[in-house]
Amino acid sequence: MTLDLTKPQIQDLPSIKEILSQWNDESETQKYFQRIENEIKGQIEFDMKFWVLKDEKKVLGIGGLSNCQPKLKPFIQTNNPKELKTIFLNQAFRGKGFGRKLVELLQSKSLSLGYKELLLVSAEKYRETAYGFYLNLGFKQLGEVEGGEVGEKMAVFSKLLTK
Ligand SMILES: CC(C)(COP(=O)(O)OP(=O)(O)OC[C@H]1O[C@@H](n2cnc3c(N)ncnc32)[C@H](O)[C@@H]1OP(=O)(O)O)[C@@H](O)C(=O)NCCC(=O)NCCS
């Protein structure tokens with residue numbers, strides 16, 4: 001097995017869409033997919049950039065980094081934070097350490113880019129699949145913010161990065 005964190009290529013887009021649609025409804029899948037496609041086209045907003053975890057040519061998972069949303073401001077602890085975005089693994093590959101690998105590689109990437117902490121928001125619907133995962137990786141749950149849907153609460157997690 002040759003695991004690598006690489007930039008998404010046009011030929012990866014069908015696998016990326018399939019992974020996104022395993023976990024999201026159609027409109028969310030489209031929203032996330034559009035952001036990845038936009039980056040490939042060179043249309044980057046909020047410094048939002050994505051990577052894929054691949055075994056040879058097979059896309060196992062997706063993740064991104066962006067500038068922090070303004071509502072995360074109260075939780076920021078350093079002068080160079082970034083937000084972890086869109087962490088999704090192909091469900092056939094869950095529970096085998098690939099999620100850990102994906103996030104650890106994104107952490108190394110962040111450190112090499114000079115970022116000092118990673119924050120993320122996670123919706124209630126991911127409580128079972130993701131909250132314990134992030135805690136296991138050393139993230140701390142700092143509080144909650146309002147989410148995209150009216151009245152929806154999103155948990156805020158953060159991790160200070162050290163070499
Ligand atoms: C969350 C996700 C990326 C985790 O990836 P994964 O490959 O299943 O997780 P891993 O096998 O790498 O687990 C890493 C560690 O976290 C632990 N862990 C994983 N999921 C967990 C959970 N839900 N609760 C508690 N611990 C968990 C594992 O036991 C493992 O521990 P260890 O390294 O000490 O043995 C993946 O399951 C996924 O895509 N889930 C659905 C979408 C989702 O929730 N995305 C996050 C949106 S914010």
Could you please let me know if LYS82 is under 15 Å from the mean Cα position of the chain (by Cα) and either assigned to a helix (DSSP H, G or I) or farther than 21 Å from ASN24 by Cβ (or both)? yes
Restricting attention to region 134-163, and to residues there that are β-branched (Val, Ile, Thr) and not in a strand (DSSP E or B), which single residue is modelled with the lowest pLDDT? VAL150
Given the structure, is LEU111 at negative phi, aliphatic (A, V, I, L, M) and open to solvent by less than 10 Å² (accessible area, probe 1.4 Å)? no
Picking from LYS31, LYS49, which residue would you name as being basic (Lys, Arg), more than 15 Å from the ligand (Cβ to nearest atom), open to solvent by 50 Å² or more (accessible area, probe 1.4 Å) and at pLDDT 95 or above? LYS49
Return the residues of region 88-107 that are open to solvent by less than 20 Å² (accessible area, probe 1.4 Å) and more than 7 Å from the ligand (Cβ to nearest atom); say none if nothing qualifies. ASN90, VAL103, LEU106
Got a sec? Which of TYR131, TYR126 is under 21 Å from GLU28 (Cα atoms), at pLDDT below 95 and near the ligand (Cβ under 8 Å from one of its atoms)? TYR126
Looking for something of a type outside the set (Val, Ile, Thr) and over 21 Å from LEU120 (Cβ atoms) - is there at least one such residue anywhere in region 76-92? yes
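The values are calculated or read from the model by the stated rules, or taken from the named source; none is laboratory data. Source: prediction; values computed, not measured. All Cβ positions, glycine included, derive from the backbone under ideal geometry; neighbour counts span all protein chains shown. Remember, those area values only see protein heavy atoms, side chains included, never the ligands or the DNA or RNA. Shrake-Rupley method; radii C 1.70, N 1.55, O 1.52, S 1.80 Å.
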